[in-house]
Amino acid sequence: MSEDQHDAYIGLGSNMGLREKNIAAALNALQTTREIEVTSVSSLYETEPVGGPENQSNYINAVAHIRTVLKPERLWAVCRNIEESLGRKRTIRWGPRTIDLDLLCYDQEIRSDPELTLPHPMMHERRFVMEPLAEVAPDLMHPVLERTARSILESL
């Protein structure tokens, strides 16, 4: 990749089917995208669903740190395409899913567009995001809260 690389963090989650295999397939799809280099991946965390319909299965969650030359909108589109290719159906808000990819942070960019908000607007409220994020990037500074991932996790 060229010198205009960007750091981004992607949250991964699955609570349908073979959850670990779904996460692995999504990571493989990211890694095999020419403009993306997966530099580290957290452990897998099993968590109870937050919000959405009752009686969902537990999630497996992880966070990947990537380096990319893609702009945020294009990276987000790649994530959506990976979700679709792995059978994601968007029927119920916060409902069960084969795979969920969330763009958590992109460099220190702050934006609020109808399609993409950076950093992810609820990441700091969700232990299932902050725990794997703090594992791979404990000193990552939240660009809005101006607190590290470790500090946010400790406050949850």
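Only the coordinates and a few stated rules stand behind these numbers; no lab work does. Computed from a prediction, not measured in an experiment: that's the story for all the values here. With ideal geometry, Cβ positions are generated from the backbone for all residues, glycine too; neighbour counts draw on all protein chains shown.
Here are some notes:
- Listed residue (Ala137, Tyr59, Thr98) projecting farthest to the positive dipole end of the chain, Cβ model: Thr98
- Working from label points 7 Å from Cα in the Cα-to-Cβ sense, the Ala24 to Ser40 distance is 2.3 nm.
- For Leu104, the residues whose modelled amide H falls within less than 5 Å of its own, excluding neighbours fewer than 5 places apart on the same chain, are Tyr9, Ile10, Gly11.
- The residues neighbouring Arg126, those whose beta-carbon lies less than 14 Å from its own, together hold a net charge of -4 under the Lys/Arg +1, Asp/Glu -1 convention.
- Dipole of the chain computed with +1 at Lys/Arg Cβ and -1 at Asp/Glu Cβ about the Cα centre; of Thr68, Gln5, Gln31, farthest Cα towards the positive end is Gln31.
- Assuming charge only on the beta carbon of Lys and Arg (+1) and of Asp and Glu (-1), the dipole of the stretch 2-100 about its Cα centre is about 360 debye to the nearest 20.
- Whole-number percent relative contact order across the chain, with pairs defined as alpha carbons under 8 Å at least 6 apart: 28 percent
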